[in-house]
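The values are calculated or read from the model by the stated rules, or taken from the named source; none is laboratory data. What you are looking at is a predicted structure, and each value in this text was computed from that prediction instead of being measured. In this analysis, Cβ positions are derived from the backbone assuming ideal geometry, glycine residues included, and neighbour counts consider all displayed protein chains.
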Amino acid sequence: MTKTPKTLIASLTGLMIEQIPTKIIDIHQSIDKGKPTRMVMSQSYLRTYFAERNLANDIITVEHKGNTHIIEGHAIIDMILQAPAHEQAQIANTIRKIEWTAPSAINGFIVHLANCYIETNF
């Protein structure tokens, strides 16, 4: 049996269904359906995350097809922040998982994204 958002919130909070504001339900439903609320949350998280980690000044070197490409961290960060909402959400989720399990591995993830960019575009 699937619970409606109001029933779920009522069971989690102990409130009567009539006491739950409709706006909470609207936000819950828009997040679940990947509406703009989710995009804003992902982009806000990513902006804050990158500002706190100071990854913009990193220089990344990528070897591809016999050529050496040099790309700055801020270029990768800018591309992430300009990516479509679903890609930002996936990147944000991946960063959260990395931060939870191995925070020092975030540099490797940024290098991975730089490699993907170079391999796709050159």
Inspect segment 58-65 for any residue being of a type in the set (Lys, Arg) and either modelled with pLDDT of 90 or more or touching a Cys at 6+ places or on another chain (Cβ under 8 Å) (or both) and give the result as yes or no. yes
In this structure, is Ile110 more than 17 Å from the chain's Cα centre (by Cα) and surrounded by 14 or more Cβ atoms within 10 Å (Cβ to Cβ)? no
I'm checking my understanding of the structure. Among residues of segment 113-122 that are farther than 17 Å from Gly73 by Cβ and in contact (Cβ under 8 Å) with a residue 12 or more places away in the chain, which one is nearest to the chain's Cα centre (by Cα)? Glu119
Checking Asn57 against (1) in contact with a Phe, Trp or Tyr (Cβ under 7 Å, 6 or more places away or on another chain); (2) surrounded by fewer than 14 Cβ atoms within 10 Å (Cβ to Cβ), which single condition isn't satisfied? (1)
Tabulated pairs, segment 62-87, first farther than 13 Å from Glu119 by Cβ, second assigned to a helix (DSSP H, G or I) and at pLDDT below 95, C-beta under 6 angstrom, 6+ apart or interchain: Ile76/Ile110; Ile76/Leu113; Ile76/Ala114; Ile77/Phe50; Ile80/Ile91; Ala85/Met39
